[in-house]
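Below is one structure, written out as structure tokens; comments come after it.
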Amino acid sequence: MAAIFQGVGAAAALSSSLSNSFDSKKFVSSPLRKGASFAVVRSDGRVNLNPKGRRAQQLISNAVATKSDSAAASSSSKPGHELLLFEALQEGLEEEMERDIRVCVMGEDVGHYGGSYKVTKGLAKKFGDLRVLDTPIAENSFTGMGIGAAMTGLRPVVEGMNMGFLLLAFNQISNNCGMLHYTSGGQFTIPIVIRGPGGVGRQLGAEHSQRLESYFQSIPGIQMVACSTPYNAKGLMKAAIRSENPVILFEHVLLYNLKERIPDEDYICNLEEAEMVRPGEHVTILTYSRMRYHVMQAAKTLVNKGYDPEVIDIRSLKPFDLYTIGNSVKKTHRVLIVEECMRTGGIGASLIAAITENFNDYLDAPIMCLSSQDVPTPYAGTLEEVTVVQPAQIVTAVEQLCQ
Amino acid sequence: MALSRLASSSSRSADLLKPLCSAISLRRPISTDTTPITVETSVPFTSHQCDTPSRSVQTNAKELFTFFRDMALMRRMEIAADSLYKAKLIRGFCHLYDGQEAVAVGMEAAITKKDCIITAYRDHCTFVSRGGTLLEVFAELMGRQAGCSRGKGGSMHFYKKDSNFYGGHGIVGAQVPLGCGLAFAQKYSKDEAVTFALYGDGAANQGQLFEALNISALWDLPAILVCENNHYGMGTAEWRAAKSPAYYKRGDYAPGLKVDGMDAFAVKQACTFAKEHALKNGPIILEMDTYRYHGHSMSDPGSTYRTRDEITGVRQERDPVERIRKLILSHDLATEKELKDIEKEIRKEVDDAIAQAKENPLPESSELFTNVYAKGLGVESFGADRKEVRAILP
């Protein structure tokens, strides 16, 4: 259904963005990253891709990957290029900044330092200090400034060095970011992207292991997505920047060094769509972000034991892709949710409510939800391991569910 | 009179006034006169880390009449809102601006519509000075469809994008980082315009203000932070809330100017000065020494933390509308009666707008779901099977 992307919408956005504030002299040409496509913008606003031979700008939405065990590029025969997840994010960000002059990045140490997780490495040198802005440690105000800039039509990407720090900007995100489009009667749109790494890392301590998706999920007006592979990281980053709505992109500290082969051509991922990681028959396992890998590890064991789990990476945390999830539930009749949020008030809790409300008739067993324990994340390694859901627990849960 | 203003507000009152105007203009062509008149501000400016602008302000008869008319309109509008609130047609919070009109009117006279203004919840008059109509104001206050935010915002959420009025914010202090973001966007797009971010003496103690000021000063943004100091943060007097109530000095590295906020010409002079400064040198703070006659909001009587004598004292000595009236009379530009006629006509205009707003329908139920998200890149509201659209999106 939502197969081919709004090429029209994208083109319209492009031409409007290059209207009056673009100064072609400022368009710095810089050494191309391997595999990056370079857009040459003409004075009348038309865009040609680098004549070095990349094919025509063609937006491909990756809907559902039909290959089992991998959500790798399902596009054309070209093999693409291999990179790490943080490089994929950087590529997506760089391409969008080239494509639309209104995109700018704000955050702590994103500029000269290159980003604490190297997502913005090299961008300050390429685009200058006015487009890649180092802020002081003042989350409340620079998030507010990003929102104010977005009200006028700029498209800032605000980085929280760690998602947990954005709690200081909660008022701005909740009241201004989420609600201004509504309370102004539609006069302002807030095309901002708020991104940053969150989740439980390796013994980072309680305050640096926050999972904010549970706090932000009930703010009306924002969208939340969580990336998990280099492919969907780049796609979601690009889609989030192009979206007219405020989008919060959740990355995970431990996933930045994942390597994958992604296509060379321009593509985006639908913000509201879930990803079918592994089709199956016996049970639907819904997961996102890092837990996807724990689930896939458990899936190997489960397959050996004779089960056929269907694994879906929900990706869109707000709104839920109830279409994909619903179809899966109708097929398997059993649901297991594996998440990194805490049990109380987390994404899993909302998902249970949504599935029960809409698909109760199709369920053969109560929905099981494996979440992190309702405790601050301890420092000690063994305790931290127990806080988070491990593959062995997933295997046990599936066995229990399928009895 | 300011004929252009009359024409824009409502055609009925314009028709009513045509005979009056032509009669007046036959006798008094100087009402649209632009010969310069020099006026002295009531008190000199005090500054922090910058030069003070001159006390002499150039104006003319046309501007005097515009100021008088605009401020009288705002005053009447706020008093009418008071009655509507007591009649339970306006619910929730209603923060009235009467007494502070000179700030809105003086600021608007110094700037263009390309400059941005953002303020907190005491925004009815600022909205009008930016070009909002009385119908939009009253309809929004009563939650009707013709309101500037379609009835979904309320008293604290007035916005007018086409004249760069960014609201209208309920959370104290949160609008200042937004305002610095607007200034950032202006610098980014090379607009050669400035942003006025207004806040109160209560909000001046918010940390995000200093954070935003720091970033604005580092990045040289054309941001002007205007503290509308009415001396009371709801029920708390300024000396009880701020260790240093010299708000214009609290920018430290950022220059500041203290202005008599009840004198529209002082405000106009200060804003002109500030705009010039901000475009060249980055952020500046303006402290407007002003006063509100009503309480903090309609639920606050306004007399438990200050004496009635204080309120009447300010009204007698510093009232902004009276000051302009005296100026007009002393320069012999109109008679008492003519000014009273203007006020009568304003009263009728306000009553007409209220009547029109009362007729206006409440929003449809489907409006509940519109404008939650902007339509773009595949955002729709779906039912569970993704086929049924739960709301009709604009």
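Calculated FRET efficiency, A:Val375 and B:Thr34, Cβ-Cβ r, R0 60 Å, to nearest 0.05?
Once the sixth-power term is evaluated, E becomes 0.25.
Residues with beta-carbon under 13 Å from that of B:Leu329, excluding B:Leu329: net charge, scoring Lys, Arg +1 and Asp, Glu -1?
Net local charge, B:Leu329 excluded: +1.
Multiplying the sequence separation of B:Ala237 and B:Asp220 by 0.36 nm and subtracting their Cα-Cα distance, what value in nm do you get?
Separation in residues times 0.36 nm, less the Cα-Cα distance, equals 2.8 nm.
With contacts defined as alpha carbon pairs under 8 Å and 6 or more residues apart, what's the relative contact order of region A:275-402 in percent?
Computed value for region A:275-402: 29 percent relative contact order.
Residue separation times 0.36 nm, minus the C-alpha to C-alpha distance between A:Ala206 and A:Asn360: what's the value? Numbers along the way, then the final one.
On the way: separation 154, 0.36 × 154 = 55.44 nm, distance 3.65 nm.
Result for the pair: 51.8 nm of gain on full extension.
Once R0 is set to 25 Å, what does the formula 1/(1 + (r/R0)^6) return for the Cβ-Cβ distance between A:Ala392 and A:Lys259, expressed as a FRET efficiency to the nearest 0.05?
It comes to 0.45.
Could you give the nm distance between label points at A:Lys300 and B:Lys358, where each point is 7 Å from its Cα heading toward the beta carbon?
Rounded to a tenth, the inter-label distance reads 7.6 nm.
Over the C-alpha atoms of region B:278-358, what are the Rg and the largest Cα-to-Cα span, Dmax, in Å?
18.1, 48
Non-local amide H neighbours of B:Glu287 (under 5 Å, H modeled in plane, Pro and chain starts lacking H): which ones?
Under 5 Å from the amide H of B:Glu287: B:Cys227, B:Leu257, B:Lys258, B:Val259.
Mind listing which GluC sites (Glu not before Pro) in region A:219-317 are in a DSSP loop and have 13 or fewer other Cβ atoms within 10 Å?
The qualifying sites are A:Glu281.
Is any residue of region B:267-306 close enough, with backbone N under 18 Å, to a label point placed 7 angstrom from the Cα of B:Ser54 along the Cα-Cβ axis, and if so, which?
Counting backbone N atoms under 18 Å from the label point, the list is B:267-277.
From Cα pairs below 8 angstrom and at least 6 apart in sequence, can you work out the relative contact order of chain B, rounded to a whole percent?
20
Per residue, how big is the convex hull of region A:139-263 when only Cα atoms are used? Give it in Å³.
With only Cα atoms used, region A:139-263 gives 91 Å³ per residue.
Straight-line reach from B:Lys160: which aspartates and glutamates have Cα under 14 Å away, leaving out those fewer than 8 places along the same chain?
Within the straight-line limit of under 14 Å, B:Lys160 reaches these aspartates and glutamates: B:Asp115, B:Asp123, B:Glu136, B:Glu140.
Using θ = phi - 60° and the Karplus curve 6.51 cos²θ - 1.76 cosθ + 1.60, what whole-Hz ³J(HN,Hα) does each residue of region B:200-210 get, with Gly and Pro shown as x?
So the Karplus estimates, Gly and Pro as x, are x, 5, x, 5, 4, 8, 6, x, 5, 5, 6 Hz.
Which ³J(HN,Hα) values, rounded to whole Hz and listed in residue order, are derived for region B:189-196 from phi using the Karplus coefficients 6.51, -1.76 and 1.60 in 6.51 cos²θ - 1.76 cosθ + 1.60 with θ = phi - 60°, glycine and proline given as x?
8, 6, 7, 6, 10, 10, 10, 9
Jot down the per residue volume, in cubic angstrom and as a whole number, of the convex hull over the alpha-carbon atoms of region B:197-308.
Each residue corresponds to 96 Å³ of Cα convex hull volume.
Convex hull volume of the Cα atoms in region B:39-363, per residue, in Å³?
122
Near the amide H of A:Met224, under 5 Å away, which other amide H atoms are found, from residues 5 or more places off or on another chain, if H is placed in the peptide plane?
A:Ile248, A:Leu317, A:Lys318
Here, each number is a calculation from the coordinates, and none is a lab measurement. Keep in mind the model is a prediction, meaning the values are calculated, not measured. Cβ atoms come from the backbone with ideal geometry, glycine included; neighbour counts cover every protein chain shown.
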